[in-house]
Amino acid sequence: MTRDVLTDPGSRDLTAWVDFSELGDAFTAAGLSVDGPVSQSRVLASGGIFDELAVDPAAPPDAVREADRRAAAALVQPGGMGESIRVLIGSRGSSLGSTLASWARPV
């Protein structure tokens with residue numbers, strides 16, 4: 001048994017409890033702007049994951065990209081893993097944090 005969490009990727013549970021208030025205070029003390037915590041779904045969607053995985057109608061079918069699109073969709077479905085995982089964003093001199101935290105799910 002090893003304590004190296006990077007040994008045998010995908011086979012170890014890396015989840016952890018995080019005190020977002022304490023982390024946010026540390027970000028602020030370091031001069032960072034703080035946004036969140038927000039859902040992982042929101043960060044992925046506002047970061048452009050769907051644009052990155054968009055289908056090019058002129059391209060031949062690609063099974064790997066289709067699998068990636070299905071996996072991304074699963075991450076943002078209501079009640080899914082992407083909704084239960086939270087992200088705290090610290091940024092300096094940029095509006096990136098507020099942009100990533102602001103995605104509104106289409107109705």
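The values are calculated or read from the model by the stated rules, or taken from the named source; none is laboratory data. Small disclaimer: the values here were computed from a predicted structure and weren't measured. Neighbour counts are summed over all protein chains in view; Cβ atoms, including those assigned to glycine, are modelled from backbone coordinates with ideal geometry. Accessible surface areas use protein heavy atoms only, side chains included; no ligands, DNA or RNA. Shrake-Rupley method; radii C 1.70, N 1.55, O 1.52, S 1.80 Å.
The table below lists the values:
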quantity	calculated
By accessible area with a 1.4 Å probe, ligands and nucleic acids excluded, highest first: order of Thr15, Thr7	Thr15, Thr7
Overall form of the chain per C-alpha gyration tensor (a/c, 1.5; a/b vs b/c)	oblate
Calculated FRET efficiency for the pair Asp25/Ala63, C-beta based, R₀ 35 Å, to 0.05	0.15
Backbone HN-Hα couplings from phi across the stretch 81-94 [Karplus 6.51/-1.76/1.60, Hz, Gly and Pro as x]	4, x, 8, 8, 8, 10, 10, 10, 10, x, 9, 9, x, 8
Net +/- balance of residues flanking Phe27 in space, Cβ distance below 11 Å, scoring K and R +1, D and E -1	-2
Calculated on alpha-carbon atoms, Rg and Dmax of the stretch 43-101 in Å	14.1, 41
Rel. contact order, % - alpha carbon contacts under 8 angstrom, at least six apart, the chain	39 percent
Percentage, to the nearest whole number, of Cα pairs in the stretch 10-57 over 15 Å apart	65 percent
Heavy-atom accessible area ranking, 1.4 Å probe, most first, across Leu6, Leu53	Leu6, Leu53
